[in-house]
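Working notes, beginning with the structure itself.
Read the figures in this text as sums done on the coordinates, not as results from a lab. It should be emphasised that the depicted structure is a prediction, and the values quoted were computed from it without experimental measurement. A quick note on method: Cβ atoms are made from the backbone with ideal geometry, for glycine too, and the neighbour counts reach across all protein chains shown.
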């Protein structure tokens, strides 16, 4: 069934293409698996009728913008818009070349959390419905109800962009976000409480299973380097072999490199096929950036990028 | 044929553990993969459908040392490791993954015999387990096998409810079973039950592709830039689909040396990465659509031409694990019909 917001999106997208206001639309269409969507990148106005909006639009579509020429209309949630703003700040994208179709987002449902709670895989579930602060899962006509904060993506629980600021078209009024910063940082809290040696062991065990598929980097809008440092051979900053030490150095360097540009959208963690908890790094980093520089990535398109600006009042003990 | 109660699987594994390093499906590391059995129980039977990391990793490791070297005077002294003699038993391998290993065997024992891979193969036993709950992403039945295919394992188990029916497939499997205690003789009723389970599983695989049509259309579409650009637009060029593919066998070679001591390693590589084909003068697959085309063609055209078999077993990992739900079955089904497209100069 097509929702009201989808109807509006489809007509907006069609109109943008028909009137030549954009050459390409980037949005979501139904995927080939249950509760799964897939990016729709199209110049065809007929394809606009395939656009969807639902609580499973996990991708941060801003990652595609830099590779598409001309004017692009993009379907974006609050966090995705912050990525777009950050790209504009970094001059990777011109504001006039992007038509932001803002989607008020009430949080994305984390299928991994639902699978764990239900003890079943996603393809064994019949339905998942969000109703305000509840999520109802149906399996073989029996319904189970969960508080939304138990099944939303960790990054969403820390969302502070329910009110979309930067947009060209807004599809709906503000959405009700179920925020729970404590829940969002539950792993960070555990890690902070660990003595350094134990924390080191934790990350060692996480990065031992990294296969260096670079999905975290590839889905990251802030990772737009034409040549990533891991591919440099002279000097080779890290080994291409997936040893845990090199895997860890790769991720830590990547995280440092996107500091001030990373919006903690959580795309890296969602993409990771071996479940490394990357949100606990990206969120912690965003917290440090906020603490040291009073800066929040992607919230002001006219602001200088964090690493391009210096103020004498800035903390000098940032390396610690 | 024999059978064993599910609760007795651990007893079976304990016996085998004496002669083999026993690998079982495990989530202990944080992701589902074949890992050394902890000797405790067979709790994995409760959740196991398939692993995220395919069992090809037990043969083509994601990183392995080929040999060491040491600088001595003006030359290097090589230190070749002794041949792999550890015997491994992989318990619960799915038919698609067992077939995949049989498929990549062809590469590793072709004109060049890869002793690292082959010694592991020779020292391994595969205990297959038929699927009763295929994923919605599975499409094995379109590729000449099915969720109960036993041709590529030494022993095959079929889940009949409270028990497993045990079929000895190879001489190696027969030998192992002969010295294993705890299995009872299966009755005709048990065998009939297994037949029904296999048929039911087969019917549960609903995702289909038409390999005949693909064979016809794929070569004709090779120069169809528009088609490949279209299907590749949403690909993010990560290595998930290739690394986790049970038939992708590409590897890179890297030397590491510190103070005159070094080693040569090989590690998984992926044609999805632009650097995969980067050479000093040019990169023939700099553009994404060419890399996606390569991946699909390698599996469905080039490999069949070389070895007469499609290098895909329909395990569905590339669909399940893809961060953007790029679905190879959709690409293959969408191949344009009609005359070959020639490249415009």
Quick check on the exposure proxy: order B:164, A:310, A:146, B:300 from fewest to most C-beta atoms within 10 angstrom. A:310, A:146, B:300, B:164
Using bins 20 angstrom wide from zero, how does P(r) for chain B break down, in % of all Cα pairs? 27, 53, 19, 1
Where q = 0.24 Å⁻¹, what log10 of I(q)/I(0) comes from the Debye formula for segment A:157-226, counting one point per Cα? -1.07
Before anything else, pin down the relative contact order of chain A: Cα pairs under 8 Å, at least 6 apart, normalised by residue count, whole percent. 16 percent
When the Kirkwood hydrodynamic radius is evaluated over all pairs of different C-alpha atoms of the protein assembly as shown, what value in angstrom, to one decimal, is obtained? 26.9 Å
Helix-only [θ]222 nm of the protein assembly as shown, DSSP H runs n ≥ 4, -39500 (n - 2.57) each, per residue, nearest 500: -8500 deg cm²/dmol
Over segment B:211-333, what relative contact order in percent results from Cα pairs under 8 Å that are six or more residues apart? 28 percent
Based only on the alpha carbon positions, what is the Kirkwood hydrodynamic radius of segment B:1-71, in angstrom? 14.2 Å
What distance in nm separates the two pseudo spin-label positions at residue A:204 and residue B:306, each 7 Å out from Cα along the beta-carbon direction? 3.9 nm
Taking only the alpha carbons of segment B:211-333, what extent do you get along each of the three principal axes, in Å, biggest first? 56, 31, 30
I need two numbers for segment A:109-151: Rg to one decimal and Dmax as a whole number, Cα atoms only, in Å. 9.2, 24
Relative contact order (%) - criterion: Cα under 8 Å, at least six apart; region: chain B: 21 percent
Could you check the simple spin-label distance between residue A:256 and residue B:212, using points 7 Å along Cα→Cβ, in nm with one decimal? 6.0 nm
Quick one: pull the percentage of alpha-carbon pairs in segment B:2-204 with a separation above 28 Å. 30 percent
Give me the three principal axis extents of segment B:150-211 from the C-alpha atoms, as integers in angstrom, largest value leading. 43, 26, 16
Hey, with R₀ at 22 Å, roughly what FRET efficiency would residue B:279 and residue B:253 work out to, going by the Cβ-Cβ distance, to 0.05? 0.90
What residue among A:143, A:134, A:43 has the largest mean-square fluctuation in a Gaussian network model of chain A, using Cα springs under 10 Å? A:143
With no solvent and one equal point scatterer placed on each C-alpha of chain A, evaluate the Debye formula and give log10 I(q)/I(0) for q = 0.11, 0.13, 0.16 Å⁻¹, two decimals. -0.74, -1.04, -1.50
Can you work out the PRE-style zone for residue B:5? Point 7 Å along Cα to Cβ, and I want the residues of segment B:179-215 with backbone N under 20 Å. B:180-191, B:193-194
